[in-house]
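> Below are the structure tokens for one structure; questions will follow.
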Amino acid sequence: MKSSFWEGEHILNLRLSHLFVVAIFWLASTELICVRAAEFASGPITIVVPFAAGSGTDQTARVMAQAMTEEFGATFVIDNRGGANGILAAQYVAQAKPNGYTIFLTTNTTQVANQHLYKKLPYDPVKDFEPIGLIGRGSMFLVVSAASKIRTVQDLIKAAKEAPGKLNFGSGSSSSLVGSELFKQLAKIEVISVPYKSNPQAVNAVLGGQIDYMFLDSSTALPLIQGGRVHPVAVSAAKRSSAAPQVLTVAEAGLPGFEVTYWNAVYAPAGTPPNIVASLAKMISGAALSARMVRRQESLGSEALTSTPLELAEYQAKEVRLWGKIIRAAGIEPE
């Protein structure tokens, strides 16, 4: 389901008007915001994650929760609701009480890509959520089993062309799926897509030899690369990863114009009061810039990316248009 937000300017204006109210609270002093955060958070705040435990998003959520607990004294509970490309978790948060006690730490999968990948969604990526803030952007590694004979992008393309329809790839997120589909389209190869509930499940299939390759988020991929369990064929971003600078980008390795990244952001259910949205935004922004989170981002070669709620809404709108172009170019038909 493609939200009417992207079809009519009147919906955009309503959302932006609401976010301007949030901005008024955002501009309050940091001390006042922190007091309000402590006041409304008299109990645990649940962070819903749309992917399984061990996934990159799950790891980010746990580090964020630790940072916010240290900084603000609030208690956080991680609720992993993996499956259906994040749809189950998004629907759950969309229906949650808008009181600040349920927030959604998610990716462009649920808030951007799904509306292009499915004909109908049980949630609206815009109208059902209040933007809180961006927390980071990362890339993926194209990986194969360490035992695979495939070492380079050209090796993969050659193997696929020598045996059309024989090779397969796994994906446990829409970023992973779109990465492989765009690769397939640009390389002009015939390969089989095998979906999984999460990237950790998909990479286990790579390790077990059931799947030939996949695009895997950097936070999950790097420990496996460093441990020698998978071989990094290429990186999905326009620039090489600072955490593995020896690995070529897909574009460098022979497919010019290839670039697929993902981002993490936090949302609350629509209708969450502006003062609570502003308090959460200050907490999220502070945690994203904490020493703990900065170290994590640097170790993964990821980019710290914070924002106000209004900036996140505008960024999401821009990303919807961009991902729509990528998905159409990859020839992916909505399910």
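> In region 251-297, what residues are within 22 Å of residue 56 (Cα to Cα) and among the basic types (Lys, Arg)?
292, 295, 296
> Quick test of your reading of the structure: residue 228 fulfils all but one of (1) surrounded by fewer than 16 Cβ atoms within 10 Å (Cβ to Cβ); (2) in the same structural domain as residue 186 (by TED's automatic domain parsing); (3) part of a helix (DSSP H, G or I). Name the failing condition by number.
So the condition that residue 228 fails would be (3).
> Those residues that are touching a Ser or Thr at 6+ places or on another chain (Cβ under 7 Å), within 20 Å of residue 104 (Cβ to Cβ) and surrounded by 17 or more Cβ atoms within 10 Å (Cβ to Cβ), I need them from region 117-152; list them, please.
117, 124, 125, 126, 130, 133, 134, 135, 136, 137, 138
> Residue under question is residue 319, and the condition is that it be in contact with a Leu (Cβ under 9 Å, 6 or more places away or on another chain) and among the charged types (D, E, K, R); does it hold?
No: the conditions fail for residue 319.
> If you take the residues in region 201-216 that are among the small types (Gly, Ala, Ser) and buried (at least 17 other Cβ atoms within 10 Å of the Cβ), which one is farthest from residue 140 (Cα to Cα)?
Selected residue: 205.
> Let me ask you something else. What number of residues within region 64-80 are on the phi < 0 side of the Ramachandran plot and either charged (D, E, K, R) or part of a loop (DSSP other than H, G, I, E, B) (or both)?
5
> Could you check region 208-263 and list, in sequence order, the residues that are among the polar types (S, T, N, Q) and over 23 Å from the mean Cα position of the chain (by Cα)?
Residues satisfying the conditions are 210, 246.
Residues are listed down the side, and each one gets a yes or a no for (1) buried (at least 24 other Cβ atoms within 10 Å of the Cβ); (2) assigned to a loop (DSSP other than H, G, I, E, B); (3) touching a residue at least 24 places away in the same chain (Cβ under 8 Å):
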residue	(1), (2), (3)
46	no, no, yes
51	yes, yes, yes
57	yes, no, yes
62	no, no, no
82	yes, yes, yes
89	yes, no, yes
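> Keeping to region 200-218, report how many residues are in contact with a strand residue (DSSP E or B) (Cβ under 7 Å, 6 or more places away or on another chain) and of a type outside the set (Val, Ile, Thr).
11
> Does residue 302 count as modelled with pLDDT of 90 or more and surrounded by 14 or more Cβ atoms within 10 Å (Cβ to Cβ)?
On the way: modelled with pLDDT of 90 or more: no; surrounded by 14 or more Cβ atoms within 10 Å (Cβ to Cβ): yes.
No: the conditions fail for residue 302.
> Scanning region 100-112 for residues that are over 10 Å from the mean Cα position of the chain (by Cα) and buried (at least 24 other Cβ atoms within 10 Å of the Cβ), which turns out nearest to residue 260 (Cα to Cα)?
Within region 100-112, the match that is nearest to residue 260 (Cα to Cα) is 104.
> Would you mention how many residues in region 67-92 are of a type in the set (A, V, I, L, M, F, W, C), more than 13 Å from residue 49 (Cβ to Cβ) and touching a strand residue (DSSP E or B) at 6+ places or on another chain (Cβ under 7 Å)?
2
> If we scan region 262-273, do we find a residue that is out of contact with any Gly (no Cβ under 7 Å at 6 or more places or on another chain), small (Gly, Ala, Ser) and in contact (Cβ under 8 Å) with a residue 12 or more places away in the chain?
yes
> Another question about this same structure. Sort through 173, 219, 198 and tell me the only one that's touching a Phe, Trp or Tyr at 6+ places or on another chain (Cβ under 8 Å), buried (at least 24 other Cβ atoms within 10 Å of the Cβ) and farther than 24 Å from residue 328 by Cβ. Break it down into steps so the answer makes sense when it comes.
Numbers: 173 fails: farther than 24 Å from residue 328 by Cβ; 219 fails: touching a Phe, Trp or Tyr at 6+ places or on another chain (Cβ under 8 Å).
Among 173, 219, 198, only 198 is touching a Phe, Trp or Tyr at 6+ places or on another chain (Cβ under 8 Å), buried (at least 24 other Cβ atoms within 10 Å of the Cβ) and farther than 24 Å from residue 328 by Cβ.
> Out of region 153-170, which residues are surrounded by fewer than 16 Cβ atoms within 10 Å (Cβ to Cβ) and polar (S, T, N, Q)?
Across region 153-170, the qualifying residue is only 154.
The values are calculated or read from the model by the stated rules, or taken from the named source; none is laboratory data. Fair warning: this is a prediction, and the values are worked out from it, not measured in the lab. Every residue, glycine among them, receives a Cβ derived from its backbone with ideal geometry; neighbour counts consider all protein chains shown.
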